[in-house]
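First the structure, in the form of structure tokens, and then the observations on it.
Nothing in this text is a laboratory measurement; each read-out follows from the coordinates by a stated rule. Quick caveat: nothing in here was measured; it's all calculated off a predicted structure. Here Cβ is always computed from backbone atoms with ideal geometry, including for glycine, and neighbour counts include all displayed protein chains.
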Amino acid sequence: MKKRFLAIALCLVLAVGLLAGCSKDEGTVYWLNFKPESDEVLKKVAKMYTDETGVEVKILTAASGTYSQTLTSEMDKSAPPTLFVIGNSAGVKTWKDYALDLKGTKIANELSTDAYNLYDDTGKLVSIGYCYECYGIIVNPTLLEKAGYKLDDIKNFASLKAAAEDIHARAAELGFDAFTSNDMDSSSSWRYTGHMINLDYYYEEKAAGKTWTECPDTITGAYVDNFRQLYDLCVNNSTVARGDLATGGHDAQNEFKTGKAVFYVQGSWEYSAVADSVPNATMIPYYCGVDGEEKAGLNCGTENCWAVNAKASKADQEATLDFMYWCVTDPEASKLLVESFGVMPYKNAVASTNGFLKASEDYSKAGCYVMDWATNYQPNVDDYRAAFVSALNAYNADPTDETWAAVRTAIVEGWATQAAKAKG
Amino acid sequence: MNKKRRRAMARWGWLFLGPVTVAFIIGFIWPFLQGIYLSLCKFVLTRDAEFVGFSNYLDAFRDQSFMHSFWYTGLFAIVSLVLINILAFTVAYFLTQKIKGANLFRTVFFMPNLIGGIVLGYIWSMIFDGILSHWGTSILLDTKFGFWGLIILMLWQQIGYMMIIYIAGLQAVPEDMIEAARIDGASRTQTLFKVTIPNVMPSITICTFLSLTNGFKLFDQNLALNGGGQPFIQNADGSVIKTTEMMALNIYNTFYGQNSTSRGLGQAKAVIFFVLVAGLGIAQLAFTRKKEVQQ
């Protein structure tokens with residue numbers, strides 16, 4: 001008897017498991033988020049929305065660096081995300097068929113700029129920016145002054161180099177160094193292969209007089225040597241010797257927070273992490289020895305672009321669009337989101353409290369040019385950057401013109417190969 | 001077994017086999033067949049696959065990086081197979097002699113096996129770099145370092161596990177046979193090779209099978225220790241071969257590539273990989289089984 005009972009119980013368990021996936025709700029929101037640091041805030045906002053409207057909002061955050069994998073498997077499920085991120089041209093290429101055309105929607109009409117939107121080759125509005133960010137070199141002005149320099153004195157590569165080299169030479173006496181560590185492992189290498197290299201792409205765009213709207217087949221690498229100058233300055237004048245960077249293991253953020261270094265190559269999303277320890281932290285552009293760079297601003301752009309699942313049910317799509325609209329118009333929600341995201345480029349969203357984004361605005365007000373994120377067009381981005389990192393590691397171990405030639409190949413020829421491959 | 005009981009089994013047997021069969025079909029047979037079908041398709045999501053025939057297979061064989069990973073993986077599997085088994089057997093052999101603290105040693109040797117591959121990879125990359133930095137280099141800068149680094153890691157992780165299997169085998173060798181050999185005047189070496197080893201052939205079969213397939217399927221240690229396959233060789237045209245990338249990692253990297261055909265290509269590589277590993281595994285089992293003796 002006992003056995004029979006057990007058998008029936010087993011059967012029931014199996015049947016319940018099979019049936020669990022069958023229920024279907026009407027009009028819910030499922031946001032697949034790709035920024036782990038925002039997870040907590042998003043969940044809070046989701047709960048606020050559910051309390052207010054009764055519409056269920058599910059937030060799932062992909063683990064750092066696994067967004068593409070998570071998106072692939074989630075989209076294949078019977079209840080796929082209704083709201084997800086298509087952040088760059090590579091993403092548009094892969095996911096455009098799954099994105100609803102957002103042109104003319106209520107949320108698109110709330111946008112204050114078209115600068116952060118992504119279109120596919122047929123002109124469909126695939127995704128819209130929900131926040132933008134900026135990156136450059138974060139500075140601790142207090143330490144800089146302790147070392148005898150003023151922030152206003154640093155206006156180009158020459159002045160940055162003079163200050164950094166002097167601070168590094170006197171590091172023992174001062175008790176702090178010029179740059180924080182510049183690890184080349186996967187948790188940190190993107191600061192160079194994804195961000196700093198943008199200076200080459202951007203100045204190429206600028207020289208050609210046009211902004212990229214799709215991945216170019218080739219790049220010239222005309223400013224790769226400027227990248228080298230700045231990169232060398234960072235790794236030669238830092239808390240960690242350049243030979244020890246390949247496998248990482250250093251904590252640049254902590255070095256900056258604890259006053260171990262003046263400069264920190266990073267972006268605006270670090271503001272909330274460092275502002276408590278260094279309240280007057282600010283950001284300067286990538287000065288790299290290009291003519292007229294005294295007028296340079298920060299690198300502004302985004303990979304945070306909302307896309308709505310075209311294959312979701314009509315009710316889910318409507319619910320999602322309503323939720324998005326609420327996020328950028330509700331004072332309380334947009335305040336929470338802005339605190340986490342930095343800036344939301346929508347007419348009725350609250351203003352930013354992020355010091356680095358404020359610095360960016362100040363540069364713009366002073367008539368400086370904004371460096372856009374041309375880096376978002378990197379073809380086959382993972383492979384491209386991986387080859388770039390590998391070449392930089394070899395260069396760091398033996399910094400000569402020969403090893404630099406391999407870095408240049410990775411940047412320039414690597415672009416052409418990967419662009420051809422991505423076109424398939 | 002009486003008749004009544006047999007009838008009860010016939011009546012209720014399906015109930016016990018049923019869930020397992022269903023689970024096996026859902027969890028293995030169906031995905032496997034679907035995987036084969038997808039290798040013939042172009043797709044972003046599996047439910048929107050578009051049939052394209054064998055082009056993915058042709059692309060896989062034309063892919064230089066895949067061919068490189070194939071030879072590299074083969075070499076790795078052979079070297080690790082030989083070293084792991086020789087060392088594990090040696091350790092097991094000594095630990096079955098009457099050594100003080102043998103149990104403690106067994107536990108200690110087995111422990112690395114309990115640590116996850118990614119963690120191991122990162123820890124060992126720091127250990128190797130700590131040493132290599134004295135010469136101004138890193139495990140990520142030289143394929144040779146990458147290869148032997150991974151071998152050392154795998155030895156450290158796997159020897160303890162194989163050792164346990166060998167110890168079980170060694171303890172099952174009949175004492176009287178060894179005694180008979182000794183009385184017949186066999187030396188220690190002769191006893192080892194003529195009596196002990198033929199008697200532990202079942203353990204050798206299992207251990208070689210495990211270490212061979214482990215060698216081929218290696219993924220997380222490779223990902224973490226070798227920084228995703230560094231160093232890379234840059235061809236003149238800018239294309240890249242990741243010199244320490246093994247097959248499983250190559251498949252993974254291909255699958256999540258940006259090209260719209262990359263998922264099908266990754267899937268085709270995975271099917272080739274399956275055929276290869278299954279074929280080698282079966283061949284190896286057949287070979288070592290032949291050497292097993294009846295006690």
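Placing unit charges on the Cβ atoms only, positive for Lys and Arg and negative for Asp and Glu, gives segment B:56-290 a dipole magnitude near 380 debye about its Cα centre. Reported to the nearest whole Å, the Cα centre-to-centre distance from segment B:111-187 to segment A:306-338 is 54. Could you work out how far the C-alpha centroid of segment A:221-283 sits from that of segment A:401-424, in angstrom? Measuring centre to centre over Cα atoms gives 25 Å. Restriction of the trypsin sites (Lys or Arg not before Pro) in segment A:195-253 to DSSP coil positions whose beta-carbon has at most 10 other beta-carbons within 10 angstrom yields A:210.
Annotation for segment B:156-245: trypsin sites (Lys or Arg not before Pro) lying in DSSP loop with at most 15 further Cβ atoms inside 10 Å of their Cβ do not exist.
Placing unit charges on the Cβ atoms only, positive for Lys and Arg and negative for Asp and Glu, gives chain A a dipole magnitude near 1260 debye about its Cα centre. Here the residues A:362, A:401, B:129, ranked from fewest to most Cβ neighbours within 10 Å of their Cβ, fall in the order A:401, A:362, B:129. Here is how the number arises for chain B: DSSP H runs of 4 or more residues each give -39500 (n - 2.57), the sum is divided by the residue count, and the result at 222 nm is -22000 deg cm²/dmol.
Only helical runs count toward this figure. For chain A, summing -39,500 (n - 2.57) over DSSP H runs of n ≥ 4 and dividing by all residues gives -13500 deg cm²/dmol at 222 nm.
Here the alpha carbons of segment A:337-424 define both size measures, Rg and Dmax, at 18.8, 54 Å. For segment B:81-97, putting each phi into the Karplus relation 6.51 cos²θ - 1.76 cosθ + 1.60 with θ = phi - 60° gives couplings of 4, 5, 5, 4, 6, 4, 5, 5, 5, 4, 4, 4, 4, 6, 7, 9, 6 Hz, in residue order, rounded to whole numbers and with x for Gly and Pro. Applying the Karplus relation 6.51 cos²θ - 1.76 cosθ + 1.60 with θ = phi - 60° to segment A:185-199 yields 3J(HN,Hα) values of 6, 5, 7, 9, 4, 4, 4, 9, 6, x, 9, 4, 5, 4, 4 Hz, where x marks Gly and Pro. Find how many whole Å separate the alpha carbon centroid of segment A:156-217 from the alpha carbon centroid of segment B:198-256. Using only Cα atoms, the two centres lie 35 Å from each other. Computed over the Cα atoms of chain B, pair by distinct pair, the Kirkwood hydrodynamic radius stands at 22.4 angstrom. Simple rule: put +1 on each Lys or Arg Cβ and -1 on each Asp or Glu Cβ in segment B:56-290, find the dipole, and look at B:117, B:192, B:152; the Cα lying farthest toward the positive end is B:192. Amide H contacts of residue A:346: A:112, each under 5 Å away and 5 or more positions distant or on a separate chain (H built 1.01 Å from N in the peptide plane; Pro and chain starts excluded).
Once backbone amide H atoms are built at 1.01 Å from N, residue A:120 has A:126 as its partners under 5 Å, excluding neighbours fewer than 5 places away on the same chain. Projecting the Cα atoms of A:378, B:46, B:181 onto the charge dipole of the protein assembly as shown, computed from C-beta unit charges around the Cα centre, puts B:181 farthest toward the positive end.
Each Lys and Arg Cβ is given +1 and each Asp and Glu Cβ -1; about its Cα centre, segment B:1-123 then shows a dipole of about 1300 debye. Loop-located GluC sites (Glu not before Pro) in segment A:213-307 (DSSP state not H, G, I, E or B) with no more than 15 neighbouring Cβ atoms inside 10 Å: A:214. Taking a ≥ b ≥ c as the square roots of the eigenvalues of the Cα gyration tensor, chain A is classed as prolate, since a/c reaches at least 1.5 and a/b is larger than b/c. Under 5 Å between amide hydrogens, built in the peptide plane, is the criterion, and for residue A:297 it picks out A:369, A:371 among residues at least 5 positions away or on other chains.
Derived scalar couplings between HN and Hα for segment A:288-303 equal 9, x, 8, 4, x, 6, 4, 9, 6, x, 7, 8, 10, x, 7, 10 Hz in order, rounded to whole Hz, by the Karplus curve 6.51 cos²θ - 1.76 cosθ + 1.60 (θ = phi - 60°), x for Gly and Pro.
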